[in-house]
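Computed from the coordinates by the stated procedures, all read-outs in this text should not be read as laboratory data. Every value quoted in this text rests on a predicted model; they were computed, and no experiment measured them. Here Cβ is always computed from backbone atoms with ideal geometry, including for glycine, and neighbour counts include all displayed protein chains.
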């Protein structure tokens, strides 16, 4: 029953978020600010994790592809496909759910328990749209750029690992990167990232918007937002993969 209650309240909030927008000039400023706050500040952690993950995936592939019947260039191919299809979208989204989602939930939750949201409503402002819509738009627009960065840096991490360890010929890694490259895989990853961005910001906004009580409840709402976002990401990852690749 709680699931249906959550789903109903979530859809009602989304209806409020996407209705009766305020002046576009105000939203444009807020969207740019949220891009910096939610997106640009995440560049460092995405790049750092991606380069090490690309290096680890390449190393694991090289250690396990020991059969002489398996061409070495498949290591580069497998690394590219792993980074492009799953890591740059799903794993990065899970990381951003912890960083961005908790930030949104705690920010809006604090505004709720300090009556700032009620003050916006008294002034005739659609508080849900004013607070949550710029975050959704900015994340849906900016997160795909983070995914592209993750793809590039992840592949670069594998290149660096191959060059430093010389565990197999560097030329084979480059050949694998060029083998059967499908642009649709990149589009698939970017579409998933946009969907995940919407889920992260909207779910976090929901938990923050309906936070009650004191600061401890804000922390609980932030935790619940991260957990719910991660579950939603994994569920929609399966759905989108089935719809777009199978």
(request) Report, to the nearest 10°, how far helix 127-165 tilts away from the longest principal axis of the Cα atoms in the chain, using its own Cα long axis and a range of 0 to 90°. (result) 20 degrees
(request) Provide the FRET efficiency to the nearest 0.05 for the residue 242-residue 70 pair, computing r from the beta carbons and using R0 = 35 Å. (result) 0.75
(request) Would you mind ranking 192, 16, 29 by Cβ crowding within 10 Å, fewest neighbours first? (result) 29, 16, 192
(message) How far apart, in nanometres, would the label points at residue 9 and residue 217 be if each is projected 7 angstrom from Cα along the Cα-to-Cβ direction?
(response) 1.0 nm
(message) Within a 10 angstrom radius of the beta carbon, how do 201, 179 rank from fewest other beta carbons to most?
(response) 179, 201
(request) Sort 203, 51 so that the residue with the fewest other Cβ atoms within 10 Å of its own Cβ comes first and the one with the most comes last. (result) 51, 203
(message) Could you check the spin-label model distance between residue 160 and residue 187? Points 7 Å from the Cα along Cα→Cβ, value in nm.
(response) 3.2 nm
